[in-house]
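Visitor: Before I ask anything, here is the structure I am working with.
The values are calculated or read from the model by the stated rules, or taken from the named source; none is laboratory data. Note that the structure is a prediction, hence the values are computed from the model and not measured. Every residue, glycine among them, receives a Cβ derived from its backbone with ideal geometry; neighbour counts consider all protein chains shown. The accessibility values were calculated without ligands, DNA or RNA, using every heavy atom of the protein model including side chains. Shrake-Rupley method; radii C 1.70, N 1.55, O 1.52, S 1.80 Å.
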Amino acid sequence: MFTIGLLIGYASINAQTVTIPIETENNVLLLQTDPENRLRTIYFGETLSNKNEYLSVSDLFYFDEENVGIYNSTYTPSGTWNLIEPAIQIKHADGNSSLELKYVSHKVEQINSNTTLTSILLKDPIYPFQITLFYKVWKHENVIEQWTEIVHSENKSVLLEKFASANLYFTNKDFYLTTYPGQWAKEMQPIETKLSRGMKTVDSKLGARAMLLNSPNFVLSFDKPASENEGTVILGQLAWSGNFKLEFEVDLYNNLRFISGINPYSSEYLLPANEVFKTPALIYAISNKGTGEASRNLHSWARKYRVLDGQGERLTLLNNWEATYFDFDENKITTLFKDAKNLGVDMFLLDDGWFGNKYPRNSDKAGLGDWQVNVKKLPNGIAHLMKEAKKEGVKFGIWIEPEMVNPKSELYENHLDWVIRQPERPEVYYRNQLVLDMSNPEVQDFVYGIVDGLFTENPELAFIKWDCNAVIYNAYSAYLNKKGIPQSHLYIDYVKGLYSVLERIRIKYPKVPMMLCSGGGGRGDYELLKYFTEFWPSDDTEPIERIFIQWDYSYFFPSITMDNHVTDWGKQPLKFRIDVASMGKLGFDIVASGLNENDLQFCKKAINNYHAFKNIVWHGDLYRLLNPHENDIAALMYVNADKSSAIVFNYLVNYRQRLATTEQPVKLNGLNPNKKYRIKEINLYPGTKSQINPDKVYSGDFLMKMGINPVIDLQRTSVVLEINEVK
Ligand code: DGJ
């Protein structure tokens, strides 16, 4: 990291100008103080070889404010000179709402050879109020994590009305933004828009299950629409599991202001003196070679530095949710252990419905919150199930939804004050349930106790699926009221309460794999993924839809974090479903005993194959080859680190009768041009023959320039190819 504080000889810069380059390997975010000591973002783009030349950047651009604000302020205050969208808005202890921020100092910590942390202190010259901007840079991965800390020493609390994590500024001609709205079973539906003058906002006000309708993930592309292998792009995410807001504003110079953070909606926060308010982080990967390189970098960052056990292993599993729903008993479940063993998966996962006695959890209408084993369904308890699973040689995992409650439950009867609800208004339900008040330490203890209890009673419990199905209606906390804390803290304190429970869980149980689920994919974010090993992208497992959903998630998350289950959704053959689910962590949610002989044999063989290639999918580099949004065929490949092995997945996604066979080869990527490879088709359904010659040897150069034709047709709708180096 290179920082400059120096004397400059040209007029626009005064004697104390400080220039702070935040540099990744290929790009730089260049910050500089102006003559009044305000910090501005003067450039974002490729790094310069001669660092001294950063000093010549500012006189190339014209950023005059035209009396309404400083568009390129690095953290835009409000109530003083600025009349455009602020990054921060506050009310001082004396009720005054003016804020000015001036540069005071900065430091750069070299954490290791790849990582630096730059922190920049800004202070209000009148009030004892300051903020620190943090930029953590993983140089090699070109990833930046950015957050802000706010602190003051005024004589009473200060009211924070808006408190962004990041306030970025990009100079360019055109900006293309891809956002990912969604809904249940339709997560991550991309929309790319060319940004025009004005503001585009993406936000959530749902409280819990906050990502149901909008995702905090985005792709920003400079000059032209985002493409896979060229162009400057940023792939980003606000790592916050509650209400978020992303604001993209093209200013009067056609530059882009980007402000992101916790959604200020109904969230004014009273900050006592000398307490630090830390915002969530904005995480982004930058590439000048398109979304492909950016996402590979983000994946590798996530595996190495962020996701719990990101470089470890995952458990393949059989889940009973779609096989039984709530209708099961001990016999049914223990029979499924045999299926799990017969299939060759590592684990059985017992889903919803195992608890509640006064109000048995026999549907989603009752029992949620009563985490005692249902004695009718499972008279011998979880311990017995685990023993039986062990006899079959499979591990055992369990589903919980600890943040939620059905009104028909003992928990609701005994602890009404733990429930988020307006006491004077009729209750409003989402999936017949309400949300517990995670801002309340007693509720936090209760939630911690559910997990701790399960592990204490069943030390060999191998896995937890942590679900979260409801949004917050009627936001009101009896606890905050009792404590005299403003209700507007609820949305934030809920999420903080959740993180603090997870922190405690991970101190005691650092390694046990846990899956994030939110009625599907509401909750894959990089803050929660510090505590979880994986997430459930969507309840939609119809395999063609799933190809799109997995494709769109794949920009942001490595395959090792994504759980894909084979279910009975849709009409595609079993082979197609297994091939699609194999592009991540493979699981099953089917009645395996109901499979015909061929299907069963195929399943076993495919799981075997998966165990052989899973390390490439989990830890290798992903190359998206053919985009299903643009082609009749989707193709993706994973390549291992030394480029000696790869797996290519090809699917027909558009059933057009005119399709005789794939007319063109699929160009591969990520191989070594100088290596020689053989290609073998795997996951062949019994009785079918491959169209691919396994003996032929190709150079990597040929495969990447010419490609290989997977011979997809209406009979061969899914083709998996294994590529191995020939020595
Ligand atoms: C929603 C999840 O997405 C499903 O996989 C399942 O666990 C149900 N909840 C159980 O209620």
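Visitor: Among the residues of region 359-368, is there at least one that is surrounded by fewer than 20 Cβ atoms within 10 Å (Cβ to Cβ), part of a loop (DSSP other than H, G, I, E, B), away from the ligand (no atom under 16 Å from the Cβ) and modelled with pLDDT of 95 or more?
Guide: Taking every residue of region 359-368 in turn, none turns out to be surrounded by fewer than 20 Cβ atoms within 10 Å (Cβ to Cβ), part of a loop (DSSP other than H, G, I, E, B), away from the ligand (no atom under 16 Å from the Cβ) and modelled with pLDDT of 95 or more.
Visitor: Would you list the strands (runs of 3 or more DSSP E) that sit entirely within region 644-725 and hold 3 or more residues that are open to solvent by less than 20 Å² (accessible area, probe 1.4 Å)?
Guide: 645-652, 676-682, 718-725
Visitor: Between residues in region 505-521 that are in the same structural domain as residue 453 (by TED's automatic domain parsing) and residues that are within 16 Å of the ligand (Cβ to nearest atom) and assigned to a helix (DSSP H, G or I), which pairs lie under 6 Å by C-beta distance while being six or more apart or on different chains?
Guide: Listed pairs, sorted by first residue: 516/528.
Visitor: Another one. Inside region 387-424, can you point out the residues that are away from the ligand (no atom under 16 Å from the Cβ), in a loop (DSSP other than H, G, I, E, B) and in contact with a helix residue (DSSP H, G or I) (Cβ under 7 Å, 6 or more places away or on another chain)?
Guide: Residues satisfying the conditions are 392, 393, 394.
Conditions (1) more than 25 Å from the chain's Cα centre (by Cα); (2) surrounded by 16 or more Cβ atoms within 10 Å (Cβ to Cβ); (3) over 14 Å from residue 167 (Cβ atoms); (4) not hydroxyl-bearing (Ser, Thr, Tyr), marked per residue:
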site: 59; (1), (2), (3), (4): yes, no, yes, yes
site: 64; (1), (2), (3), (4): yes, no, yes, yes
site: 106; (1), (2), (3), (4): yes, yes, yes, yes
site: 110; (1), (2), (3), (4): yes, no, yes, yes
site: 137; (1), (2), (3), (4): no, yes, yes, yes
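Visitor: Now for a different question. State the number of residues belonging to region 293-314 that are among the aliphatic types (A, V, I, L, M) and either within 16 Å of the ligand (Cβ to nearest atom) or buried (at least 24 other Cβ atoms within 10 Å of the Cβ) (or both). Please lay out each step first, then the result.
Guide: Filtering region 293-314 down to residues among the aliphatic types (A, V, I, L, M) leaves 294, 298, 302, 307-308.
If we keep only those that are either within 16 Å of the ligand (Cβ to nearest atom) or buried (at least 24 other Cβ atoms within 10 Å of the Cβ) (or both) as well, we get 294, 298, 307.
Number satisfying all stated conditions: 3.
Visitor: Shifting gears a bit: Could you list all residues from region 315-340 that are within 16 Å of the ligand (Cβ to nearest atom) and of a type in the set (D, E, K, R)?
Guide: Those that are within 16 Å of the ligand (Cβ to nearest atom) and of a type in the set (D, E, K, R): 322, 327.
Residue-wise test of (1) open to solvent by less than 10 Å² (accessible area, probe 1.4 Å); (2) within 16 Å of the ligand (Cβ to nearest atom); (3) under 18 Å from residue 647 (Cβ atoms); (4) over 15 Å from the mean Cα position of the chain (by Cα).
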{"residue": "567", "(1), (2), (3), (4)": "yes, yes, no, yes"}
{"residue": "571", "(1), (2), (3), (4)": "no, no, no, yes"}
{"residue": "575", "(1), (2), (3), (4)": "no, no, yes, yes"}
{"residue": "581", "(1), (2), (3), (4)": "yes, yes, yes, yes"}
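Visitor: Might you let me know whether region 540-548 holds any residue that is within 14 Å of the ligand (Cβ to nearest atom), in the same structural domain as residue 323 (by TED's automatic domain parsing) and surrounded by fewer than 24 Cβ atoms within 10 Å (Cβ to Cβ)? Please lay out each step first, then the result.
Guide: Start the filter on region 540-548 by keeping residues that are within 14 Å of the ligand (Cβ to nearest atom), which leaves 540-541, 546.
Next cut, in the same structural domain as residue 323 (by TED's automatic domain parsing) only: 540-541, 546.
Okay, now just the ones that are also surrounded by fewer than 24 Cβ atoms within 10 Å (Cβ to Cβ), so 540.
Within region 540-548, one or more residues are within 14 Å of the ligand (Cβ to nearest atom), in the same structural domain as residue 323 (by TED's automatic domain parsing) and surrounded by fewer than 24 Cβ atoms within 10 Å (Cβ to Cβ).
Visitor: Is it true that some residue in region 370-386 is away from the ligand (no atom under 12 Å from the Cβ), closer than 27 Å to residue 496 by Cα and open to solvent by less than 40 Å² (accessible area, probe 1.4 Å)?
Guide: Among the residues of region 370-386, at least one is away from the ligand (no atom under 12 Å from the Cβ), closer than 27 Å to residue 496 by Cα and open to solvent by less than 40 Å² (accessible area, probe 1.4 Å), which makes the answer yes.
Visitor: From 641, 635, grab the single residue that is open to solvent by 30 Å² or more (accessible area, probe 1.4 Å) and either outside the structural domain of residue 543 (by TED's automatic domain parsing) or closer than 27 Å to residue 190 by Cα (or both).
Guide: 641
Visitor: Filter region 62-96 down to residues that are over 12 Å from residue 40 (Cα atoms), among the hydrophobic types (A, V, I, L, M, F, W, C) and modelled with pLDDT under 95, then give me how many there are.
Guide: Summing the residues that are over 12 Å from residue 40 (Cα atoms), among the hydrophobic types (A, V, I, L, M, F, W, C) and modelled with pLDDT under 95 in region 62-96 gives 4.
Visitor: Sort through 304, 245 and tell me the only one that's within 24 Å of residue 477 (Cα to Cα), of a type in the set (Lys, Arg) and either outside any strand (DSSP E or B) or in the same structural domain as residue 168 (by TED's automatic domain parsing) (or both).
Guide: When all the criteria are applied, what remains is 245.
Visitor: In region 520-539, what residues are within 16 Å of the ligand (Cβ to nearest atom) and crowded, with 21+ Cβ neighbours inside 10 Å?
Guide: 520, 521, 522, 523, 524, 528, 532, 534, 535, 536, 537, 538
Visitor: Now for a separate question. Given 253, 325, 265, which one is without any contact (Cβ under 8 Å) to a residue 40 or more places away in the chain and surrounded by fewer than 22 Cβ atoms within 10 Å (Cβ to Cβ)?
Guide: 325
Visitor: How many residues are crowded, with 23+ Cβ neighbours inside 10 Å and on the phi > 0 side of the Ramachandran plot if we restrict to region 202-234?
Guide: Selection size over region 202-234: 1.
Rundown of residues vs (1) at pLDDT 95 or above; (2) closer than 20 Å to residue 581 by Cα, yes/no style:
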{"position": "632", "(1), (2)": "no, yes"}
{"position": "671", "(1), (2)": "yes, no"}
{"position": "691", "(1), (2)": "no, no"}
{"position": "716", "(1), (2)": "no, yes"}
{"position": "719", "(1), (2)": "yes, yes"}
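Visitor: Follow-up question, since we're still on this one. Working carefully through the options 485, 472, find the one that is surrounded by 23 or more Cβ atoms within 10 Å (Cβ to Cβ), in contact (Cβ under 8 Å) with a residue 60 or more places away in the chain, away from the ligand (no atom under 16 Å from the Cβ) and assigned to a loop (DSSP other than H, G, I, E, B).
Guide: Among 485, 472, only 472 is surrounded by 23 or more Cβ atoms within 10 Å (Cβ to Cβ), in contact (Cβ under 8 Å) with a residue 60 or more places away in the chain, away from the ligand (no atom under 16 Å from the Cβ) and assigned to a loop (DSSP other than H, G, I, E, B).
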